[in-house]
1. Among the residues of segment B:265-281 satisfying the criterion of being of a type in the set (Val, Ile, Thr) and within 11 Å of chain A (Cβ to nearest Cβ), which is surrounded by the fewest Cβ atoms within 10 Å (Cβ to Cβ)?
2. What residue, among those in segment A:362-409 that are without any contact (Cβ under 8 Å) to a residue 40 or more places away in the chain and hydroxyl-bearing (Ser, Thr, Tyr), is nearest to A:GLN350 (Cα to Cα)?
3. From B:ALA101, B:ALA156, B:ALA97, B:ALA91, which residue is more than 30 Å from B:MET40 (Cβ to Cβ) and out of contact with any strand residue (DSSP E or B) (no Cβ under 7 Å at 6 or more places or on another chain)?
4. Any residue that is surrounded by fewer than 24 Cβ atoms within 10 Å (Cβ to Cβ) and more than 7 Å from chain B (Cβ to nearest Cβ) - is there at least one of those in segment A:423-435?
5. Out of all the residues in segment B:654-701, which are over 27 Å from B:PRO632 (Cβ atoms), part of a loop (DSSP other than H, G, I, E, B) and either touching an Asp or Glu at 6+ places or on another chain (Cβ under 9 Å) or among the aliphatic types (A, V, I, L, M) (or both)?
6. Of these, B:ALA546, B:ALA561, which one is away from chain A (no Cβ under 14 Å), touching a helix residue (DSSP H, G or I) at 6+ places or on another chain (Cβ under 9 Å), of a type outside the set (Asp, Glu) and crowded, with 21+ Cβ neighbours inside 10 Å?
7. What number of residues within segment A:578-618 are within 8 Å of another protein chain (Cβ to nearest Cβ), assigned to a loop (DSSP other than H, G, I, E, B) and over 21 Å from B:LYS585 (Cα atoms)?
8. Could you list all residues from segment A:55-95 that are more than 21 Å from A:GLY148 (Cα to Cα) and among the aliphatic types (A, V, I, L, M)?
Amino acid sequence: MTATGIGQIILYAIVLVALGIPLGAYMARVYTGQATFAQRVLGPVERLFYRLFGIKPDQEQSWKQYAIAAMVFNLLGIVVVYLLQRMQAHLPENPNGLANVDPRVAFNTAVSFGTNTNWQAYGGESTMSHLVQSAALGVQNFVSAATGMAVLIPLIRGFTRRHADTVGSFWVDLTRPTLYILLPLSIVLAVFLVQQGVPQTTDGKETAALLDAQPGTPPADARPGTIVSPVDDQPRDATRGGVNGPASPDQGGRESPPVINQPIAVGPVASQVAIKQLGTNGGGYYNVKSAHPLENPTPLSNFVECLSILLISGALCFTFGRMIGSRKQGIALLVTMAILLVPFVALTLQQEQQPSPALSSLSVDAQASALQPGGNMEGKEARLGISASALWSTTTTAASNGSVNSMHDSYTPLGGMSPIFLMALGEVSFGGVGSGLYGLLIFAIVAVFIAGLMVGRTPEFLGKKIEAYEMKMASFAILVPVAAVLLGAAFACLVDETYTKALSNHGPHGFSEVLYAFVSQGNNNGSAFGGLTASGTFYATAGGICMWVARYWIILPTLAIAGSLAKKKIVPPSSGTLPTTGPLFVVLLVGVVLLVGALSFVPALALGPIVEHLVLHP
Amino acid sequence: MSIHPRVTARPLFDPAIVRRAIRDAFGKLDPRRMIRNPVMFVVEIGSAFTTILFFHALVTQAGDASPGFIAAISVWLWFTVLFANFAEAMAEGRGKAQADALRKARKDVPAVVLSAARRDAHRQDKPSSQLRPGDIVLVEAGQIIPGDGDILEGVASVNESAITGESAPVIRESGGDRSAVTGGTTVLSDWLIIQISARPGESFLDRMIAMVEGAKRKKTPNEIALDILLAGLTIVFLLVTVTLYPFGVFAAREMAAAGGTAHTVTLTVLVALLVCLIPTTIGGLLSAIGIAGMDRMIQANVIATSGRAVEAAGDVDVLLLDKTDTITHGNRQATAFFPATGVTEAQLAEAAVMASLSDDTPEGKSIVVLGIGKLGRAINVPEGARPVPFTAQTRMSGVDFDGRTIRKGASDAIARHVATTGDPHRPGAGLPADVRAAVDNVARRGATPLVVADGGHVLGVVQLADVVKDRIKDRFGEMRRMGIRTVMITGDNPVTAAAIAAEAGVDDFLAEATPENKLTMIRDYQEKGHLVAMTGDGTNDAPALAQADVAVAMNSGTQAAKEAGNMVDLDSNPTKLLEVVTVGKQMLMTRGALTTFSIANDVSKYFAIIPAAFVGTYPQLEALNIMRLSSPASAVLSAVIFNALIIIALIPLALRGLTVRAAPAAVTLRRDLLIYGVGGLLLPFPFIKLIDLILSGLGLA
């Protein structure tokens, strides 16, 4: 770890909190229906929506109605995304003439964007038309994020209401944050990114004259957009039908004319990048996401994009504190999230700063010194360096963002284990917008239950008694992602597709790739380790199912808990009540999250990154 | 400072109970019973599965692992199940011994059924088992009362030792708060006409036997919630171990492709890992903790109608306590003399004692005790003295002798008395100003002033006050630290009530209490989210008892009160409420602590088993064997043995329960997290190592 690296991280934390406090307060105003500036400007749009769809904004729903509304809305969204992909060749806004998307990839992508996962079993610029990018994926970037937030709000109301049968209106909770939170923030961020040099256009490509013209046969994997060819990127065979004509490997050997121009894919990049960062979506415009210089051109853009990953998820803690009337409670949850994240940032930073033993044995000097930052630079953008890459890789997996600015596959074994572990914790350290906090609250319910027993009281959290029904739902919500990940990875180990097609690395590293794929999808993260071909039948289908199950089977029990809590009375606190704002509670909550995460995934990690590390450092 | 429920002399491991428990442990292996406990059911299936693997390995000689290893694992897995069953049987055994004694009292007895509630009514003999509610029976001296009921007529002394264990007879009479009788108790003198109120098989004694035996034991709400969590964890660990097999297949296949050896993890090791990971410690002891909690209540002579009620007692945060008998000693007592101007304390004391010598009321006796204490000598009734008893008209009592008329009474009564008698020094006057001031002072303190006069001469004031029980204030302080509010209920006026409340250190009081405002108060507290406990004995307490979350009825009370409450205190001691709360808390705390301990244990088991399971595939994993266990087989076996033995080791804790300390929740949690959380994390390491040393030392693995 270098001083610059640590300095960057401290600066990051300070700016995050400084922006999070006012944003959290603002979001609380939006959710409680207090007037805001955005509402004065966009209020007519909100009311227009309600009139168009016949929604009465003050008509509240029971948790079941709320859940049905959320499910139907998300299902429709997924169907639309699927159909648009399958028909893109016949639809407008397809300047590069891309073909219809393969049905399995289309299913995987539709679920992926509907569930706020944004796992990409395809290469963005070479698979999806502008129409799909903006009308299907872009729209889902907004509404899947808003759905996550819309599930959190009833849970908060569950804590504050007493003897209530309703938990709010899904339509209002979906519309308001989209209009008043996500839209303004992403406009601000998009404008900033355009200023930094990110393209925002309806054109398909720019053509640049190559300084160093390539004679004859182009390399097999020449693809549009890879001007610096930063890394060996994932989903290899998903790159069919690029703008430069077919460039599949089987044509690699054929003669072709000399290349003097390179087409560079452009499009509505800035707007897409803004919302994918803010809404913890993560599906980049380009295949290599934010490692691409057009997605992430400057150090400043990198800092701001990285900040956007945690911004809303972190700020929601303050929103929570305000809405339940105990800011300390919000801070306790934010501190919990931070404590869960920081050791993993440190681990990755420390590991990546080490020279790779494989290179050291070849007498390559990769020690940090006055002349070079050193460390494991494989798979990292030279422009960004180790600290910015390590910070991004851990924050993007702590939050269920999944965008990357370096290739996690090339990390050292333990450096790459941090992202896996952070996802495996259930995306509760910051996590997805809304989903991270409600996930953490589910863990808090379990922590409070055990703690309540230990102090000899029927456990209560924020004055609400935690009883068998809540435990049933909470256990279910915790069980679902664990089951999705472990079963998905287990089946992957048994299908031939893994060994014949998917794996590019073998042994423990190959296992890490498989595990990463399912940990990422089973926790709705969406980042890719890389190295794994995930567009095959098994991976596209199983991954789609994992993402679906992990998202909605957590949303349903969460809303059920919200409904059940809203019905209960509020027990006034006494000295017999366990305080849930102090360090003791934070330690307990961190312990429960870590223990559940560790106990579920340690054996798998032992067979992947840990054994790989032990092989590398005998 | 800790609060212990009353502990009886019965030892934890009574040899008779242990023998019976060992036998029962095998009987409980029936899968139809085991399925009620999902965690241990999984262990039983695992044990059966490894047993099959053993026979398979024995026959084919090419089984899952070496037959000896599978046999050892399998035996210890069976032990794990048996140990858990033994814990439950131990907890039940203690109750069963008591139930046997109670059953003797329940034998069928002849009953004399009357056609009407008169002694001379038509009689008919019937066995007690055929009595129906509404039947009227006559029980005479020496007979056993054939069923629960209310006395319609008669007064008798009754021996209730069969139920309460208390040998001194109690008086039962028609009307009032002592009209309930219990079947199986014996009338010692006189006779009673009783209306039967319980169907055969549903009597108090039957309920008590069922309760003690744990036969009708339903899981309590918290137990159900915890069961769900444990089942959830069991499924998680089932997934972890089941998926480990394909993961192992992957590793073996990749190693084989790279030219290595294709070792994969054995099913026996996976079953062993599963059993070690699922929360068997708490799963095995959970029902024992519940039964033991009920048992502790019974030891304290409190019969709860359900485990739910005991558990709710732990949640109670408002205690409604009757002033009389709970907070103060039953009656007011003389505590001070305030002589009038010109009168010495000795003169006042002497007169007061004389006026009280023939007064048999507790107040009168207490004046004598206090007066003799002040005077330092005994006082005898003078010859020819004529006691003047208290009457409702005069509202005074006293003594006449040698022409003196000494009176004590309420201040207005004495004022009227001296006005008519005439004070030789101040004829026609009422009470002197200083006496009036003393009267007001005493009343303001919540005590009762009695004025003493000799003829027309007012000598001074005797203060009668409620005497708060020893240590009760400390007790309430402990309650407060645990977050429990204490509320005193009294029929006194607000001034008196406030004074006593301050002295006893309760948080709140209800003065001039009526059944209605008691009920309202309970509802108010419940509306605000509190859980309320109270005690009561009278029929007019019944509505409030029914409304309260935890209601302890006194055994001496009416049938209505006992029906309305969810616990009956056989000792009829209202202070017992505090113990009831403690036992309830203890049950929850013991469960919480063992759950934490059980889960924390898993970390060490991973360190023992994971390297052992995969070291064949990846020799580098030996680095994770931080305990340096001697061999993979020994490592797995040591973890399994530890997992089984820890259940036995924790049986005493499960049966006795954690010590409840009077401390805020945060302090209790911090301490217990350190002991059971951090302790649970670290403790298994040395013990697994020790078992491994023993195994390898004996050359067993």
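1. B:VAL265
2. A:SER389
3. B:ALA101
4. No, segment A:423-435 contains no residue that is surrounded by fewer than 24 Cβ atoms within 10 Å (Cβ to Cβ) and more than 7 Å from chain B (Cβ to nearest Cβ).
5. Within segment B:654-701, B:LEU658, B:ALA662, B:ALA663 qualify.
6. Of B:ALA546, B:ALA561, the one residue that is away from chain A (no Cβ under 14 Å), touching a helix residue (DSSP H, G or I) at 6+ places or on another chain (Cβ under 9 Å), of a type outside the set (Asp, Glu) and crowded, with 21+ Cβ neighbours inside 10 Å is B:ALA561.
7. Summing the residues that are within 8 Å of another protein chain (Cβ to nearest Cβ), assigned to a loop (DSSP other than H, G, I, E, B) and over 21 Å from B:LYS585 (Cα atoms) in segment A:578-618 gives 2.
8. A:LEU83, A:LEU84, A:MET87, A:ALA89, A:LEU91, listed by residue number.
The values are calculated or read from the model by the stated rules, or taken from the named source; none is laboratory data. If you're wondering where the values come from, they're calculated on a predicted model, not measured in any experiment. In this analysis, Cβ positions are derived from the backbone assuming ideal geometry, glycine residues included, and neighbour counts consider all displayed protein chains.
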